[in-house]
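The values are calculated or read from the model by the stated rules, or taken from the named source; none is laboratory data. Just so you know, these numbers come straight off a predicted model, no measurement behind them. Cβ sites come from the backbone with ideal geometry, for glycine too, and all protein chains shown count toward neighbours. Surface areas here come from the heavy atoms of the whole protein model, side chains and all, with no ligands, DNA or RNA. Shrake-Rupley method; radii C 1.70, N 1.55, O 1.52, S 1.80 Å.
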Amino acid sequence: MKNVYAISGGVSKFRKSRTDITFQAMVKECFDYILKDLNLEFKQAYELIDGSVASYFSDHFQRQLMAGIMVQDFLGLCPKPGHRVEGGGATGGICFQEAYKAVASGYMDVCLAFGFETMSHVKTWKGNEFIALASDTNFDYPVGGFYSGYYAMMVMRHMHEFGTTTDQMAMVSVKNHRNACFNPYAQQPAEITVKDVRDSEMVAYPLTRLDICAMSDGAAAVLIASEKGLKKIEKASGKKLSPILIKGIGRGTDAMRMSDRPHGKVMLLPHESASDYKKLKYPGVHSFRAGRAAAAEAYRNAGIKNPIDEIDFVELHDAYTSSEIQTYEDLGLCKYGEGGKFVEKGIPFMPGINYGFKLKEHGKLPVNPSGGLLACGHPVGATGLMQAVFALWQLQGTIGKHFGSTQLQLKSPRRGLIHSHAGTGTYVTVSIMEREE
């Protein structure tokens with residue numbers, strides 16, 4: 001396998017609705033941003049890019065089949081190779097990993113990964129119906145299943161098993177919305193309190209509107225290259241670049257129906273032992289086995305023994321405040337059952353930002369410094385790539401350049417983790433990105 005690098009990225013402004021622009025042009029905003037970042041003319045980029053991978057979640061939202069090739073054409077990349085990937089909420093993360101594979105295998109030296117979604121074409125209730133089709137339509141959907149309902153059930157079990165509280169969930173919302181105040185790409189930046197979260201409109205108990213991410217229009221793109229591709233880009237651009245190594249990737253899966261998921265032993269990470277989970281019935285509906293499998297594979301490929309000590313920040317899929325807490329545990333940032341305490345201690349908060357809390361371990365391992373899905377929005381096909389772009393900028397030390405503020409720039413981060421999640425935990429991707437010394 002060749003070394004693979006993230007070279008540059010672009011993100012469109014995430015909004016409730018982008019009525020000013022088509023999905024093709026929205027992706028082109030990101031593509032043009034990359035070309036400007038690299039000081040490349042289109043003709044040069046066309047010669048350098050070997051092909052693409054496209055991601056969008058639903059044909060329903062676009063009311064258009066084969067939308068990926070329409071973007072490829074709009075970007076001027078036909079007749080180069082390209083294909084679309086789809087995997088629910090993890091679509092963007094899968095796209096990133098498929099572009100990685102194209103380069104790692106030697107099939108391409110330079111690959112463009114792009115993703116988009118235009119969810120504003122339908123009313124929110126219809127959008128929820130489309131998303132609910134990503135459950136088993138012969139089992140869950142006919143009995144009124146919808147995603148906020150599924151996640152409400154899961155967190156109720158988490159609260160029952162581990163004592164997680166709604167105030168701990170609300171702290172996640174406060175953190176991510178506050179972080180987004182410094183991110184100009186975010187859809188819903190806000191200074192809110194735990195009381196604001198708990199008093200907002202109830203959707204599915206205990207999840208309120210401020211516990212749940214919003215539907216969005218948006219796009220993102222990442223340019224990925226081998227060492228050979230990197231040298232060609234540097235020669236064409238006439239500048240020394242700051243590539244970020246994609247150190248390791250991992251992916252996990254699980255049965256669509258939670259009732260089909262067998263109980264078994266916890267898949268242990270290198271820093272855990274079987275005695276940690278003697279009495280835990282796993283995975284139950286409180287945990288995501290696919291997330292743990294993806295993390296284990298990514299850590300193995302990246303040589304990580306203890307993520308809490310070896311990772312500097314995490315951008316994870318927080319479609320719900322509860323799923324962020326659940327994912328701390330799947331990623332091994334804390335033991336299963338300790339996710340609520342993890343946020344209560346202040347570990348995932350950004351250093352140097354006042355959230356209105358006294359936090360004992362403020363900023364030990366920031367999670368979702370960008371604001372995550374809760375505050376940036378969730379245009380599904382773009383989301384996992386947005387995480388990759390923000391992680392790339394964080395590791396390059398260029399947050400100030402791209403955000404117009406250095407408030408969210410960590411001090412010399414070396415390694416970041418991005419995590420993308422589908423359905424009730426059916427597909428999950430974890431990718432480790434690293435700044436080489």
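Observations on the model:
- GNM on the chain, alpha-carbon springs under 10 angstrom: the most fluctuating residue among G339, G68, G352 is G352.
- Computed over the chain: relative contact order in percent, which uses C-alpha pairs under 8 Å that are six or more apart: 25
- Stokes-Einstein diffusion for the chain, with the hydrodynamic radius set to the Kirkwood value over Cα pairs and evaluated at 20 °C in a medium of 1.002 mPa s, equals 100 µm²/s.
- Computed on the Cα atoms alone, the convex hull of the range 46-182 gives a volume of 189 cubic angstrom per residue.
- Once the C-beta distance of D276 and E47 is scaled by a Förster radius of 35 Å, the resulting FRET efficiency is 0.05 to the nearest 0.05.
- Applying a DSSP loop filter and a limit of 12 other Cβ atoms within 10 Å to the GluC sites (Glu not before Pro) in the range 1-109 leaves E41.
- Rolling a 1.4 angstrom probe over the protein heavy atoms with all chains in place gives the chain an accessible area of 39 Å² per residue.
- Most fluctuating residue given options L359, L374, L38, as computed from a GNM of the chain linking Cα atoms under 10 Å: L359
- Residue-span extension gain [D20 to Q64] - 0.36 nm each, minus C-alpha spacing: 14.0 nm
- Calculated Rg and Dmax of the range 220-260 using C-alpha coordinates, Å: 17.9, 56
- Cα centroids of the range 201-248 and the range 14-85: 14 Å apart.
- Spatial separation of Cα centroids for the range 101-119 and the range 385-412, in angstrom: 21
- Considering every alpha-carbon pair of the range 247-343, the percent of pairs per 10 Å bin, from zero through the bin containing the longest distance, is 15, 52, 31, 2.
- Extended-chain gain in nm, criterion 0.36 nm per residue less alpha-carbon gap, K305 and K239: 20.2 nm
- Each other residue within a Cβ distance under 9 Å of P270 adds +1 if Lys or Arg and -1 if Asp or Glu, for a net charge of +1.
- Isotropic mean projected area of the C-alpha convex hull, the range 20-106 (nm²): 6.3
- The angle separating the long axis of helix 289-302 from the principal Cα axis of greatest extent in the chain is about 50 degrees.
- Counting all C-alpha pairs of the range 177-230, share separated by more than 13 Å (%): 71
- Altogether, the Stokes-Einstein calculation at 37 °C and 0.692 mPa s, with the Kirkwood radius of the range 349-432 over Cα pairs as Rh, returns a diffusion coefficient of 234 µm²/s.
- The range 252-347, accessible surface, carbon-and-sulfur percent (1.4 angstrom probe): 48
- Extents of the range 196-273, taken as max minus min of Cα coordinates on every principal axis and listed largest first, are 56, 38, 26 Å.
- What the Cα atoms of the range 311-378 give is an Rg and a Dmax of 11.2, 31 Å.
- The fraction of Cα-Cα pairs per 10 angstrom bin, counted from 0 for the range 286-437, comes to 11, 44, 37, 7 percent, rounded to whole percents.
- What the Cα atoms of the range 234-300 give is an Rg and a Dmax of 18.5, 59 Å.
- Structure remark: mean-square fluctuation, Gaussian network model of the chain, C-alpha springs under 10 Å; the largest value among G303, G89, G371 belongs to G303.
- Of the trypsin sites (Lys or Arg not before Pro) in the range 170-200, those whose Cβ has at most 13 other Cβ within 10 Å and which sit in DSSP loop: none
- Against the main long axis of the alpha-carbon atoms of the chain, helix 321-330 sits at an angle near 80°.
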